[in-house]
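Before any comments, here is the structure.
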Amino acid sequence: MSSAATGRGAQDGWRLRAMFTAARSADWGEFLADCGKFERELGRAPANPAPKDGEDR
């Protein structure tokens with residue numbers, strides 16, 4: 001996705017860029033934390049869980 005925005009003053013563009021970058025950085029940090037949780041859960045899961053009744057391997 002792409003966006004073009006202009007502000008009222010010369011500093012508005014830089015401010016918008018900084019706000020956007022800060023928000024995306026927070027999202028990325030949350031994503032990486034969730035990845036770590038998922039990897040830890042995978043480490044606790046059995047490698048080949050037994051199939052449930054009626055399931056094929």
Based only on the alpha carbon positions, what is the Kirkwood hydrodynamic radius of the chain, in angstrom?
15.6 Å
How large is ³J(HN,Hα) for each residue in segment 16-21, as worked out from phi by the Karplus curve 6.51 cos²θ - 1.76 cosθ + 1.60 (θ = phi - 60°), to whole Hz, x for Gly and Pro?
4, 4, 5, 5, 5, 4
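The numbers here are math on the coordinates, done by the rules we state, and not lab data. Bear in mind the structure is a predicted one, so any value in this text is a computation, not a measurement.
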